[in-house]
Each structure stands twice: as C-alpha cells, then as structure tokens.
1. Taking the number of other C-beta atoms within 10 Å as the exposure measure, put Asp105, Asp196, Asp98 in order starting with the fewest.
2. Tell me, what is the FRET efficiency for Ala49 and Ala273 to the nearest 0.05, using R0 = 35 angstrom and their Cβ-Cβ distance as r?
3. Quick one: order Thr78, Thr189 by neighbouring beta-carbon count within 10 Å, fewest to most.
4. How high is the relative contact order of the chain, in percent, with contacts defined as C-alpha pairs under 8 Å that are six or more residues apart?
5. If the convex hull of the alpha-carbon atoms of the chain is projected onto planes in all directions, what is the mean projected area in square nanometres?
6. Evaluate 2.2 N^0.38 Å with N set to the residue count of segment 42-161, then give the Cα radius of gyration divided by it.
7. Quick check: the angle from helix 251-280's long axis to the longest principal axis of the chain, C-alpha only, nearest 10 degrees?
8. Along segment 112-124, what does the Karplus equation 6.51 cos²θ - 1.76 cosθ + 1.60 (θ = phi - 60°) give for ³J(HN,Hα), rounded to whole Hz, x for Gly and Pro?
Amino acid sequence: MKKHNDVTSLARDSRFERLSLEDQFSDPRNAVMVGRTGGTGMRRRLDPARPGSPDRARSLMHGIFTGEIQALEGAGRTCFDFEVGTGDDEVPFELKLDMARQCWDEARHCEISVKLGEWMGTEIGEFAETTVLFEAACNPDPVLRLTGVNRALEGLAIDVFNTMREFGAETGDPLLHFCEDWMLADEVTHVKMGSDWLRRLTEKDPERRSRALEFQRVVDKLFSGAGFRGEEEDSTIRLARRFRELAGFSTDEIDEISELSRQSRDEARARIAQRALTEAS
C-alpha cells in the first residue's frame with residue numbers, strides 16, 4: 001500500500017458529491033446547509049422554532065457522517081504511514097494503539113450516523129461532502145496531524161455533538177439526544193489523546209509545538225467562518241467549554257477559539273457590506 005496519500009486519493013462511490021473548500025468558504029453568504037442546490041444566508045442558531053431547522057439539522061447530520069468517515073480514514077492512515085520511533089517522521093507505538101482505538105470508535109460513529117440520518121429523513125449524498133478533515137490528516141508531520149485533526153477538528157466535533165444533543169432535547173427526540181451524547185463522550189477522549197500526545201511529542205521541541213499550534217489556529221479559524229462556531233447567542237454551533245476542558249484545553253485556548261470566531265464573523269459582515277455597496281453602485 002502507498003504511504004502518505006493525498007486528498008485526491010480519497011475514494012467514494014457514486015452516491016457522494018464533493019464540494020471544494022473554495023466553494024464552501026469563499027462566499028460568506030453560504031448557509032450551513034449546502035446541498036445539491038446550494039443555499040445562502042448568514043449563519044444562525046439551530047432553533048427548532050425557526051422555519052428550515054429540520055433541513056439544517058439533517059444537513060448537519062450528513063456533515064457529521066462524512067466527517068466520521070474521514071476521521072476513520074485519517075486515524076487509520078496515521079497508524080499506517082509512520083514507523084515506530086522518536087524522530088519527526090516517526091511515532092511511538094502507543095500512539096499507534098491510540099489511533100487504532102480511535103478507528104474503532106469512528107467506525108461505530110459512522111454506523112450510528114447513517115442510522116440517525118435515516119431517522120431524520122435524509123440519505124447518503126443528499127448533501128455535499130467537503131474534505132478538509134482528511135486534508136489535515138494528510139500532513140506529513142504526525143504532530144500537525146494531531147493538532148489539525150484531534151484538537152481542531154475533533155474539537156469542533158465536541159461542539160457539534162453537544163449542539164445536536166441539545167437540539168434533540170429541545171425537539172423531544174430521545175434517540176438523537178442519546179446517540180449524540182454517546183458519541184460526544186468518545187470525542188472528548190479523542191481530543192484528550194491529541195492534547196496529551198502533542199505535549200509528549202513536543203516536550204523538548206518548543207518550535208515544533210509552536211508550528212503545530214499555529215496549524216491548529218488556521219483550521220479553527222476556517223471552521224469558525226462567519227460565526228458558524230462561537231459563543232454568540234445565534235452561532236449555529238456553540239462552543240462547548242466544559243467538554244473542551246475535559247479534553248485538555250486550557251481556558252486561554254478556549255478563549256482564543258471564541259475570539260477567532262468573533263473575528264471571522266466581523267470579517268464576513270464587512271465583506272457582505274462591501275459587496276452590497278459595490279452592487280448598489
């Protein structure tokens with residue numbers, strides 16, 4: 001088998017439709033729901049009382065499903081791509097064991113997410129798949145993989161699962177609430193593994209740690225786009241502070257993610273205002 005595959009090697013069957021990152025994030029008006037027909041509108045809280053919430057929840061559930069597939073593939077690649085050792089392109093055997101355990105979790109999450117999607121009235125391929133998680137999992141530095149995937153994107157999964165868990169409670173859907181609560185516990189473990197291994201692998205290399213944390217900031221800002229994830233009342237995904245603390249995030253780190261979201265929202269509003277002025281003139 002080939003080691004260190006790139007994102008173009010990600011295989012899917014004909015049910016899936018892929019959306020480029022440029023298409024997803026270049027237009028700040030893009031809604032959370034991105035299906036075959038697209039959609040526009042500023043991001044807003046997932047509120048059962050608002051029209052369109054069921055479709056938005058189904059879109060988010062489909063996004064969870066495709067994310068779980070890529071998380072499974074990414075953890076599996078980390079098990080396979082690196083030799084056992086202590087160099088920059090090697091990993092401890094215990095890290096491989098943690099990634100193998102994560103593969104087992106992610107495979108279970110895929111099955112749960114497919115069934116939840118069916119329960120919510122959607123099917124595989126109804127909404128587009130983006131590949132940012134697998135792209136982060138293709139990084140040649142295992143430490144950057146850990147920060148990009150286990151801390152940034154699995155950290156986002158903590159926020160997403162907590163939001164969907166609360167949505168299940170608000171809509172009186174015990175199945176959705178229970179399944180999201182179950183998977184949320186796993187995600188806390190995955191993020192904690194990333195936090196612990198980041199500190200262990202860079203204990204004597206502060207420069208490498210700094211590079212890894214900067215890569216994490218880039219990924220975190222990308223997924224805070226236009227207030228998609230933050231602490232504002234109308235953020236689609238609310239930052240789950242308590243669960244992030246359990247996963248090894250410091251208060252300063254969580255504050256930084258919240259600030260990245262605020263900055264991203266302000267930048268998106270400025271771009272929309274500028275676009276409106278340009279069109280008016």
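Read the figures in this text as sums done on the coordinates, not as results from a lab. Computed from a predicted structure; not experimentally measured. Because the Cβ atoms are built from the backbone with ideal geometry, glycine has one as well, and the counts that use them run over all protein chains shown.
1. Asp196, Asp105, Asp98
2. Efficiency for this residue pair is about 0.80.
3. Thr189, Thr78
4. RCO, the chain: 21 percent.
5. For the chain, the mean projected area of the Cα convex hull comes to 15.3 nm².
6. 1.20
7. On a 0 to 90 degree scale, this one is about 40.
8. Karplus values, whole Hz, x for Gly and Pro: 4, 5, 4, 5, 5, x, 5, 4, 8, x, 10, 9, 4.
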